Amino acid sequence: MRFPLIPAFLFSLLIAACLAAGAWMTEGSLLKAYRGILESRFAIALDRTAEGAMHAVSLGVSLDSQEGTLGAALQRERALDADILGMAVQDARGRRLYSDGAVPETAPPGTLGQTLLDDLGLPAGRILLRYDLRALEVPSAAIRQDMRGHALPVVAGATLLGFLAALALRAGRVGRSRLRLPLALALILGGGLFLIDHQALRIIDRTLNPLIETKVESIGNGARSLIDKALVLGIPLDQLQGVPEYFESLRRHYPELERIELQAAPPDGFDDAAAPAGRLLLPIPARGAAVAALEVVPDNRHAANQIHGLLLDTAFLGLVALLIGFELLSLLTQTSAFRRPSGAADARASAALPAEQVRGVLFVFMMAEELNRPFLPSLTERLLPVGAAHVPLLVSLPIVVFMAIVALGQIPMALWSESLGRRRGLMLGAGMAGLGYGLCAFADSYSGLLLARAFSALGFTLVFTSAQGHIVDQADPGARTAGLAIFIRAILAAALCAPPIGGFLAEHFGTGTAFLAGAGLCLVALCLARTMMPATRPAGRPLTARLAPGALRDTWRIPGLRALLLGCAVPAKLMLAALCFFLVPLILADEGYSLSSIGRVQMIYPLMMVLCVPLFARWGESPGRDVRPRKIILGGLIAGLGVVPAVLWPGLGTIMAFLFLLGLGQALSITPQSSMMATYAHYGQGRHSAQVLGLFRLVERGGSAAGPALAGAALGLLGPASTLALFGLLTTGGALLYGYGQWRSTSNPSGRLL
């Protein structure tokens with residue numbers, strides 16, 4: 001019997017790609033952490049030198065008059081750290097005043113700088129420090145070698161195991177065996193990622209902890225040099241002033257430092273071998289003998305936090321790799337190589353649903369847009385002109401413009417895609433969006449970013465309406481309902497997977513790389529659409545679709561529709577776009593959280609949707625009892641009141657709690673909302689269903705477009721907490737008003753709520 005070797009090979013290739021991506025991202029996290037700790041060590045020398053220079057500038061001593069004192073400080077810092085090749089001082093115009101060591105005029109790689117400010121906070125000059133790149137490159141090469149040397153056999157072994165598992169489980173069989181392949185994927189990917197995590201932990205223990213100890217030793221050496229200078233000037237050790245306060249300031253400024261103490265020498269001198277493990281003794285000599293020593297203790301908890309942060313990155317990346325693996329596996333199983341029907345009945349049973357034909361295409365394409373969620377607001381803020389007014393509102397405009405074009409383009413793009421054919425429309429839209437993301441990658445101005453986002457929005461709208469139209473074109477209502485559920489799951493899965501990847505790419509490789517990755521995903525989606533989707537138009541459809549006269553007006557008059565849209569659907573989109581997409585990334589970025597962390601936090605909402613929508617879909621349902629309005633009202637109240645913790649106790653934990661409650665509330669209400677929209681669509685019989693859905697999407701996405709603009713305006717006037725409270729009040733009030741309308745409808749025979 002012929003067995004499908006091609007799908008088994010593709011399955012093993014999928015495992016290899018996911019594990020290789022996980023190992024590569026883990027390696028990038030390790031290298032970034034090492035570089036950050038290393039450069040923070042050299043920043044200590046810049047801080048110490050800049051402090052004295054700025055104090056003198058504030059007293060009226062210009063930088064060009066400090067060559068004696070500041071030049072000596074440069075020499076002292078170079079002597080304390082052998083990896084510092086040179087330091088230099090520039091004036092406010094960038095002219096070199098004096099230097100010590102080798103610092104070229106054109107700053108080479110491995111050069112750090114710190115601006116010197118006068119007493120008015122204006123730039124007075126700059127101090128440059130050039131360090132030996134071998135201090136970074138040699139350990140980085142060792143990290144790469146260790147990581148790749150360990151990951152290569154893991155990836156190869158998992159690939160072989162996946163190939164054998166696909167052969168053994170027979171991917172094309174029906175029944176319970178269909179569940180075995182996803183289970184095998186989860187086990188193989190989970191085991192491989194665990195081994196990669198274990199190796200990352202070993203590398204961290206071997207590299208980060210010694211580097212932190214070296215940094216703490218550098219802090220101690222700086223303090224020791226000041227005490228030694230005082231002793232040389234003849235100040236007795238027991239008469240030094242301000243030492244405890246100085247040590248306390250060091251502890252506050254450097255979290256890696258747990259304790260620093262000045263100890264007098266015992267009669268028999270210091271015994272370095274007798275020093276407890278984890279402590280450093282730095283002798284302070286005077287007249288040829290050690291009269292005192294600094295005891296410096298690194299904070300192991302800080303190193304542990306670094307380790308936990310990296311492992312958390314890796315764990316989330318592993319989860320994302322697993323989810324992407326499931327989606328790609330679903331895509332692979334829709335190919336003809338995986339389906340081997342033995343007869344006509346089997347052929348009909350194995351035929352892919354229209355939604356399954358487009359699911360993989362939509363998942364890949366939606367990931368392209370979701371990649372920019374963690375960094376788009378902060379990128380926009382950096383591109384704003386200096387001194388621009390109404391900064392929060394301007395920061396929101398790239399999101400507003402995108403959402404507005406998507407909202408206004410729903411109906412015309414739906415009709416155009418119907419005229420073009422769904423496959424051609426989706427391919428054209430993917431190409432347009434990919435070009436737009438490519439323009440975003442190279443946009444170096446605020447206006448350029450706005451134009452690029454507008455162009456990508458046109459392509460996004462055409463893809464969205466083409467994919468949705470491909471599903472609603474089906475004559476079978478059951479296939480249409482199941483297809484819309486698959487449609488929503490593909491979007492949610494992309495929203496769950498893409499933000500942490502986008503944050504990682506932007507943090508480690510720049511925002512341009514993240515946008516280019518989105519453009520590449522659009523190209524992949526274009527190719528998948530050509531392969532997976534049929535080229536023919538649905539039977540009975542005209543070649544040129546037109547909007548029926550009065551269709552939108554009649555649809556808007558459907559009883560109860562306006563109450564549902566304005567009371568629940570629009571507030572839900574307002575809150576999602578304004579807070580989750582715009583305000584939360586800005587708040588977390590301002591608090592110093594990394595883009596990777598922001599991407600992880602943004603996973604909470606789609607994760608709750610993915611987990612809870614299936615659970616809540618049939619919760620409370622019973623024959624003869626319509627509980628949909630109650631679920632919509634309850635979901636709106638949960639989402640609206642979820643802002644209360646974040647308003648009262650601002651912080652990362654309460655923001656995560658808010659996103660959890662937002663996802664919980666909208667997961668409860670989204671299914672009954674869609675069901676009621678399908679019920680209202682029956683009033684539009686005789687017209688294209690795309691027109692009815694187009695009105696729904698127009699109003700709903702109008703809320704998405706207005707949300708960031710309203711949040712930007714409120715943020716500038718009221719601040720983050722009040723802005724959160726405002727949107728919570730809008731959502732809660734909308735749910736209560738919808739509930740009031742439902743209560744009134746029980747005594748109103750016409751059922752007209754608005």
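The values are calculated or read from the model by the stated rules, or taken from the named source; none is laboratory data. Please read all numbers here as calculations on a predicted model, not as lab measurements. In this analysis, Cβ positions are derived from the backbone assuming ideal geometry, glycine residues included, and neighbour counts consider all displayed protein chains. Ligands, DNA and RNA are stripped out before the accessible areas are found, and what is left, the full protein with its side chains, is counted by its heavy atoms. Shrake-Rupley method; radii C 1.70, N 1.55, O 1.52, S 1.80 Å.
Just one of P392, P374, P398 is open to solvent by less than 10 Å² (accessible area, probe 1.4 Å), under 28 Å from G599 (Cβ atoms), touching a Gly at 6+ places or on another chain (Cβ under 6 Å) and of a type outside the set (G, A, S); which is it? So that I can check it myself, show each step before the final result.
Details: P392 fails: open to solvent by less than 10 Å² (accessible area, probe 1.4 Å); P398 fails: touching a Gly at 6+ places or on another chain (Cβ under 6 Å).
Matching residue, one of P392, P374, P398: P374.
With the requirement that a residue be open to solvent by 30 Å² or more (accessible area, probe 1.4 Å) and of a type in the set (A, V, I, L, M, F, W, C), what does the stretch 629-649 give you?
Correct list: I633, L634, L637, I638, L641, V644, V647, L648, W649.
Between A495, A578, A517, A535, which is in contact with a Lys or Arg (Cβ under 9 Å, 6 or more places away or on another chain) and modelled with pLDDT of 80 or more?
Numbers: A578 fails: in contact with a Lys or Arg (Cβ under 9 Å, 6 or more places away or on another chain); A517 fails: in contact with a Lys or Arg (Cβ under 9 Å, 6 or more places away or on another chain); A535 fails: modelled with pLDDT of 80 or more.
Among A495, A578, A517, A535, only A495 is in contact with a Lys or Arg (Cβ under 9 Å, 6 or more places away or on another chain) and modelled with pLDDT of 80 or more.
How do the helices (runs of 4 or more DSSP H) wholly within the stretch 635-749 filter down when requiring 1 or more residues that are modelled with pLDDT under 90 and more than 25 Å from A404 (Cβ to Cβ): which remain?
643-648, 652-681, 720-745
Considering only the stretch 229-236, I want to know if a residue exists there that is at pLDDT below 80, open to solvent by 50 Å² or more (accessible area, probe 1.4 Å) and assigned to a helix (DSSP H, G or I).
yes
S225 versus (1) free of Cβ contacts under 8 Å to residues at least 24 places away in the same chain; (2) open to solvent by less than 60 Å² (accessible area, probe 1.4 Å); (3) farther than 17 Å from A21 by Cα: which is the lone unmet condition?
(1)
Could you tell me how many of the residues in the stretch 456-478 are open to solvent by 20 Å² or more (accessible area, probe 1.4 Å) and either aliphatic (A, V, I, L, M) or at pLDDT 80 or above (or both)?
Of the residues in that region, 2 qualify.
Counting residues that are closer than 20 Å to S40 by Cβ and touching a strand residue (DSSP E or B) at 6+ places or on another chain (Cβ under 8 Å), which strands (runs of 3 or more DSSP E) fully inside the stretch 57-124 reach at least 3?
So the answer is 84-91, 111-117.
Name the pairs: first residue in the stretch 736-748 and farther than 17 Å from Q673 by Cα, second residue modelled with pLDDT under 75 and open to solvent by less than 100 Å² (accessible area, probe 1.4 Å), Cβ to Cβ under 6 Å, at least 6 apart or on different chains?
Qualifying pairs under 6 Å: S745/G751; S745/L753.
So in the stretch 119-130, with the set limited to residues that are open to solvent by 30 Å² or more (accessible area, probe 1.4 Å) and touching a residue at least 40 places away in the same chain (Cβ under 8 Å), which one is nearest to G101 (Cα to Cα)?
Narrowing the stretch 119-130 to residues open to solvent by 30 Å² or more (accessible area, probe 1.4 Å): 119-123, 126, 130.
With the extra rule that they be touching a residue at least 40 places away in the same chain (Cβ under 8 Å), the set shrinks to 119, 130.
On the way: D119: 29, R130: 9 Å.
Going through the qualifying residues, I end up with R130.
If we keep just the residues of the stretch 98-113 that are surrounded by 15 or more Cβ atoms within 10 Å (Cβ to Cβ) and of a type in the set (A, V, I, L, M, F, W, C), which is farthest from L74 (Cα to Cα)?
Out of the qualifying residues, it is L112.
Going through the stretch 34-49 one residue at a time, which ones are over 21 Å from L133 (Cα atoms) and open to solvent by 10 Å² or more (accessible area, probe 1.4 Å)?
Within the stretch 34-49, just R48 meets the criteria.
Of all residues in the stretch 50-73, count the ones that are surrounded by 14 or more Cβ atoms within 10 Å (Cβ to Cβ) and farther than 23 Å from A223 by Cβ.
The total comes to 3.
Would you tally the residues in the stretch 436-467 being of a type in the set (G, A, S) and closer than 25 Å to R424 by Cβ?
Here is the first cut: in the stretch 436-467, the residues of a type in the set (G, A, S) are 436, 438, 441, 443, 445, 447-448, 452, 454, 456-457, 459, 466-467.
Remaining after also requiring closer than 25 Å to R424 by Cβ: 436, 438, 452, 454, 456-457, 459, 466-467.
Residues flagged as of a type in the set (G, A, S) and closer than 25 Å to R424 by Cβ within the stretch 436-467 amount to 9.
Kindly indicate whether R453 is modelled with pLDDT of 85 or more and either crowded, with 17+ Cβ neighbours inside 10 Å or on the phi > 0 side of the Ramachandran plot (or both).
Working: modelled with pLDDT of 85 or more: yes; either crowded, with 17+ Cβ neighbours inside 10 Å or on the phi > 0 side of the Ramachandran plot (or both): yes.
Yes, satisfied.
Between residues in the stretch 237-250 that are open to solvent by 30 Å² or more (accessible area, probe 1.4 Å) and residues that are in a helix (DSSP H, G or I), which pairs lie under 7 Å by C-beta distance while being six or more apart or on different chains?
Note: pairs meeting the criteria are L237/L231; L240/I227; L240/A230.
Within 23 Å of G512 (Cβ to Cβ) and either modelled with pLDDT under 90 or part of a helix (DSSP H, G or I) (or both), is that true of P398? Lay out the reasoning, then the answer.
On the way: within 23 Å of G512 (Cβ to Cβ): yes; either modelled with pLDDT under 90 or part of a helix (DSSP H, G or I) (or both): yes.
Yes; evaluated as a whole, the condition is true for this residue.
Which residues, taken from the stretch 74-97, are over 24 Å from I219 (Cα atoms) and surrounded by 16 or more Cβ atoms within 10 Å (Cβ to Cβ)?
Scanning the stretch 74-97 gives Q90, D91, L97.
Looking at (1) touching a Ser or Thr at 6+ places or on another chain (Cβ under 9 Å); (2) open to solvent by less than 50 Å² (accessible area, probe 1.4 Å), which one does L116 not meet, given that it meets all the others?
For L116, the exception is condition (1).
Just to check your reading of the model, which residue among D146, D197, D205 is in a helix (DSSP H, G or I), of a type in the set (D, E, K, R), over 29 Å from A79 (Cβ atoms) and modelled with pLDDT of 85 or more?
Values: D197 fails: modelled with pLDDT of 85 or more; D205 fails: modelled with pLDDT of 85 or more.
Exactly one of D146, D197, D205 is in a helix (DSSP H, G or I), of a type in the set (D, E, K, R), over 29 Å from A79 (Cβ atoms) and modelled with pLDDT of 85 or more, namely D146.
Looking at the stretch 9-31, can you tell me whether even one residue there is aliphatic (A, V, I, L, M), out of contact with any helix residue (DSSP H, G or I) (no Cβ under 9 Å at 6 or more places or on another chain) and assigned to a helix (DSSP H, G or I)?
There is no residue in the stretch 9-31 that is aliphatic (A, V, I, L, M), out of contact with any helix residue (DSSP H, G or I) (no Cβ under 9 Å at 6 or more places or on another chain) and assigned to a helix (DSSP H, G or I).
On the basis of being open to solvent by 40 Å² or more (accessible area, probe 1.4 Å) and either closer than 25 Å to M25 by Cβ or not acidic (D, E) (or both), does Y593 make the cut?
yes
Could you check the stretch 412-421 and list, in sequence order, the residues that are touching a residue at least 60 places away in the same chain (Cβ under 8 Å) and open to solvent by less than 20 Å² (accessible area, probe 1.4 Å)?
Listed by number, the residues that qualify are A414, E418, G421.
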